[in-house]
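Here's the structure, in structure tokens; my notes come after.
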2 protein chains.
Amino acid sequence: MSIKSAIDALTAQLGDKISTSQADLTLHGQNETYFPNTPPDAVAYPASTEDVCTIVKTCADHSCPITPVGAASSLEGQHLATAGGVSLDFRDMNQVLEVSPEDLNCVVQAGVTRKGLNQYIRNTGLFFPVDPGADASMGGMAATRASGTTAVRYGTMRENILALEAVLADGTVIRTGSAARKASNGYDLTHLLIGSEGTLGIITKLTLKLHGLPEATTAATCRFETVDDAVNCVIATIQCGIPMARIELLDHMMVRGFNKYSDAGLPEVPHLFLEFHGSPAAVEDQRTAFSEIAHEYGASGWKTADTTEDRTALWAMRHDAHYASAALGNGKHIWPTDVCVPISKLAEAVGQAQRDAEKLGLTATIVGHVGDGNFHAGLSVDPNDPAEMKRAEQFTGDLCKTALRLGGTVSGEHGIGLGKQRYMQAEHGDALTPMRAIKAALDPKNILNPDKMLPPTNEK
Amino acid sequence: MSIKSAIDALTAQLGDKISTSQADLTLHGQNETYFPNTPPDAVAYPASTEDVCTIVKTCADHSCPITPVGAASSLEGQHLATAGGVSLDFRDMNQVLEVSPEDLNCVVQAGVTRKGLNQYIRNTGLFFPVDPGADASMGGMAATRASGTTAVRYGTMRENILALEAVLADGTVIRTGSAARKASNGYDLTHLLIGSEGTLGIITKLTLKLHGLPEATTAATCRFETVDDAVNCVIATIQCGIPMARIELLDHMMVRGFNKYSDAGLPEVPHLFLEFHGSPAAVEDQRTAFSEIAHEYGASGWKTADTTEDRTALWAMRHDAHYASAALGNGKHIWPTDVCVPISKLAEAVGQAQRDAEKLGLTATIVGHVGDGNFHAGLSVDPNDPAEMKRAEQFTGDLCKTALRLGGTVSGEHGIGLGKQRYMQAEHGDALTPMRAIKAALDPKNILNPDKMLPPTNEK
């Protein structure tokens, strides 16, 4: 009953689907943010749900931890095998199994990435809208309840998954949900698994909603004198019910980062990056309605990106925010933060974050999916500078407190993982008890992504 | 440790908030469908979350069953105290606590009804869209994951609840979710409670999404020669992405019921009842696009209801489907059924249901929220005629099998309660095991709405 005996048993059963090569272990120990590298003891590359069952059953027999990994783009350390054991990598489970244009859905294996899926269905007139920036895997996006730039219009993973197949901690395969668009048929295990970060079950297959490609798409950017003006423009836009497809805030520091990383040549003041979807007439209506509101808040410097190339360039720049922040910090690591507040509190929260960063002497870029009240401050940190790390921790704690004070949450879309556990008590209070009870009921040996999400019981 | 000792203790603590009058017990034992009347041993009328805590703690101490009741309009017996004990009636918890137009949300106690809420916020320009027909309570609608006629556009309770307050089986009060529009912050207890039928916790307070009242609203009806034509028209409409606010099917038997009950004077052929929401231009666009599709399927007899009065009359008639079905059955009880299938399978499912009813000699009306693939067959039954009840059971079983065969679910919106437990194994298979584990973890004494949703463990 040990990690070693589990790996020996797995190797005997699965042969070269199990790797203990140094390169594989090192690769799977890495992360893009500030967590220490923590290599697993082995990496498993299942090719099927049956392989996942075999791995889970064997690990259960030997009480060996299992950490599922998709594209390894999680930002709170969810994919790090901090307890050792097996990293279960979905690289080889990347098949689109079924596309049903008539029902606007598809079935994919958990390792399919969002770009891979959209490439696969490019000729159907449909697309999968959830876009967290990284080319993440569908299993990982489900497990972290991912969202991103288009959630304001199309919803998050929470709204775009109809059904799941998952392997439970004892190796049982379950199916939750169905291809029906709605149901009142028992406990909502689909939504319990979405956002559970691999701690309750390992997602192997997903039935996803697809959406019709908009007939017309226009992107635009504009700038504001102050971040308050930009944010108040967003608040008014959402309150007026304009169905924005994307509405992204960049503060002056973020713009400075883009100028440094992408040579963007933008005036270093707050910007909004926008996208409108619909019929040509609807897009024009939305753009007009938005620009009237923006005008009231002093927007200027309008630029439109009507061609696919221009739009792609615009959103590629936006999606490089993490690297642009790193460039601004002269290559330091980025400590990403992620809070979400009711939209009426957005200006207050963003302003507080900017003042806090300045007070603590931290280089921070702010970027956000502000139509949902969700934003990120990216802090430049040197993990080898304990004083700076402490200031970043202080900033994150203060930001989380601000979000909770304003009726929001400590994580809009990055999840809890390792980084946000210390705020779970403040956010959930007594609701942590049923969460722990569910974890204990479904994973009594605590082998599924241990150390993640739920804080240790001796920690308040 | 008995029901009697629990009621004595509750009476000592809560005085006249506990009733054991025959009138109260009889009233709370009733249901609108075919289940035997089952009065509770007492009825509690809490006035606050604290009262609910007191009731639950006391009942837990005495292992006394608790059955939450809202408007008692559930259709699968969810509100019936089949194990005796206390009916917990939310009649006196009917306050709208907060309305935030700027964040498009509100906070209500669980006993607020949908009509009560919409009346309360009528001057805000906002409305709560979920409309199951009955003037159900928000707590009950959440607990049964209700939906209804507008879900095709605005979603079900699943999509319209941001946060909940609930009392757990040991009397702990928890808060799940927040006013933030999205979150990735731990297990999704909000969605676990939505649709749990009071078996995991008792919902006391809800934070609900509100929507802007559409600038323009138009309703219309049209008829088709065959139910296949009507359903195929719906399928094409949804596939084209027309954002229908309501799209309801009535088969010829249902129309006959409306003629008998409401003197509707409609030709007795399949009809669609429609509603369009948006700007005046958008409504006109939608109506034109829809009528082009409908024309292809031979629609005729167009009638438009542009005024509020005409629309109200139209939807009042539609909402009386249950009573119209009863009228058609000469006052017999109605055994309501409720399945949901992927929309491409809708014509097949409806046709099968009609043939099955005819084969079994049952009077059945079909009505459905067909934009979601959800429909109901209302069977006229005499609970004192065992042969007829057996045929109704056969019909329901066959319909559930059809729905599962076509990739759908045995309940689109009525829930499981007492009536659908026998299909849980067929629908969920091994996923029943984690459902049972969650129930055991959160309600170890099985006092929260016992006998509901999960089938007895000795039953497969």
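Derivation of every value follows stated rules applied to the coordinates shown; laboratory data play no part. The structure displayed is predicted, hence computed values, not measured ones. No Cβ is skipped: glycine too gets one built from the backbone with ideal geometry, and neighbour counts run over all protein chains shown.
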Seminar exercise, completed: Applying the gyration tensor rule to the Cα atoms of segment A:1-62 (axes a ≥ b ≥ c; rounded if a/c under 1.5, else prolate if a/b exceeds b/c, else oblate), the class is prolate
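Can you tell me what percent of all Cα-Cα pairs in the protein assembly as shown are more than 40 Å apart?
Everything past 40 Å amounts to 39 percent.
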Problem set entry | At 7 Å out from Cα toward Cβ: B:Glu358 inter-copy label distances (nm, ascending) | 7.7
For this session: Filter the GluC sites (Glu not before Pro) in segment A:216-288 to those in DSSP coil with at most 13 other Cβ atoms within 10 Å of their Cβ, and list the result.
Result: A:Glu225
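Only four residue types carry charge here, +1 at the Cβ of Lys and Arg and -1 at the Cβ of Asp and Glu. Report the dipole size of the protein assembly as shown about the Cα centre in Debye, rounded to the nearest 20.
1080
Quick one: length gained pulling B:Cys240 to B:Trp302 fully straight, 0.36 nm per residue minus the C-alpha distance? Don't jump to the answer; show the numbers that get you there.
On the way: separation 62, 0.36 × 62 = 22.32 nm, distance 2.10 nm.
Using 0.36 nm per residue and subtracting the Cα-Cα distance, I get 20.2 nm.
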For this session: Count, for each residue of B:373-385, the Cβ atoms from other chains sitting within 10 Å of its Cβ, then give me the mean as a whole number.
Result: 1
Exercise. Per residue and in cubic angstrom, what volume does the convex hull of the Cα atoms of segment B:373-460 have?
Worked result: 123
Problem set entry | Within segment A:401-460, GluC sites (Glu not before Pro) in DSSP loop having at most 13 other beta-carbon neighbours inside 10 Å | A:Glu459
Exercise. If contacts are Cα pairs under 8 angstrom and at least 6 residues apart, what is the relative contact order of chain A in percent?
Worked result: 16
Exercise. On average, how many beta carbons from a partner chain sit within 10 Å of the beta carbon of a residue in B:69-81?
Worked result: 0
For this session: Take every Cα pair under 8 Å in segment B:94-212 that's 6+ residues apart, average their separations, divide by the length, and report that relative contact order as a whole percent.
Result: 31
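Grab the DSSP H runs of chain A that are 4 residues or longer, score each as -39,500 (n - 2.57), total them, divide by all residues and round the 222 nm result to the nearest 500 deg cm²/dmol.
-11000 deg cm²/dmol
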Exercise. What dipole magnitude, in Debye to the nearest 20, does chain B give about its Cα centre under +1 on Lys/Arg Cβ and -1 on Asp/Glu Cβ?
Worked result: 640
Exercise. Among A:113-121, B:375-383, how do they line up from the highest to the lowest mean number of other beta-carbon atoms within 10 Å?
Worked result: B:375-383, A:113-121
Exercise. Averaged over peptide A:436-443, how many Cβ atoms belonging to another chain are found within 10 Å of each residue's Cβ?
Worked result: 4
Seminar exercise, completed: Rounded to the nearest 10, the angle in degrees between the Cα long axis of helix B:346-359 and the longest principal axis of the Cα atoms of chain B comes to 80
For this session: Could you order peptides A:18-24, B:333-339 by the average number of other Cβ atoms within 10 Å of their residues, highest first?
Result: B:333-339, A:18-24
For this session: Straight distance only, please: which lysines reach the Cα of B:Lys390 with their own Cα at less than 25 Å, same-chain residues fewer than 8 apart left out?
Result: B:Lys332, B:Lys359, B:Lys401, B:Lys420, B:Lys452, B:Lys460
Seminar exercise, completed: For A:Gly331, inter-copy label-point distances (7 Å, Cα→Cβ), nm, shortest first, read 8.9
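Over all directions, how big on average is the projection of the convex hull of the alpha-carbon atoms in segment B:278-318, in square nanometres?
Numbers: hull surface 14.0 nm².
Dividing the Cα hull surface by four gives the mean projection, 3.5 nm².
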For this session: Taking the convex hull of the Cα atoms, report for segment A:216-405 its projected area averaged over all directions, in nm².
Result: 9.9
Problem set entry | Principal-axis tilt of helix A:49-61 within chain A, Cα atoms, nearest 10 degrees | 60
For this session: Of the options B:Leu208, B:Asn123, B:Ala169, report the single residue whose Cα projects farthest towards the positive end of the charge dipole of segment B:94-212 (beta-carbon charges: Lys, Arg +1; Asp, Glu -1).
Result: B:Asn123
Exercise. Over the Cα atoms of chain B, what Rg and Dmax result, in angstrom?
Worked result: 22.0, 69
Seminar exercise, completed: Copies of B:Leu97 compared via label points 7 Å along Cα→Cβ give distances in nm, shortest first, of 4.2
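Computed FRET efficiency, Cβ-Cβ of A:Gln30 and B:Glu309, R0 56 Å: what is it to the nearest 0.05?
Result of the calculation: an efficiency of 0.25.
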Exercise. Which three extents, in whole angstrom, do the alpha-carbon atoms of segment A:182-318 cover along their principal axes, largest first?
Worked result: 52, 37, 31
Seminar exercise, completed: Rounded to two decimals, the Rg over Rh value of segment A:188-251 from Cα coordinates and the Kirkwood Rh reads 1.15
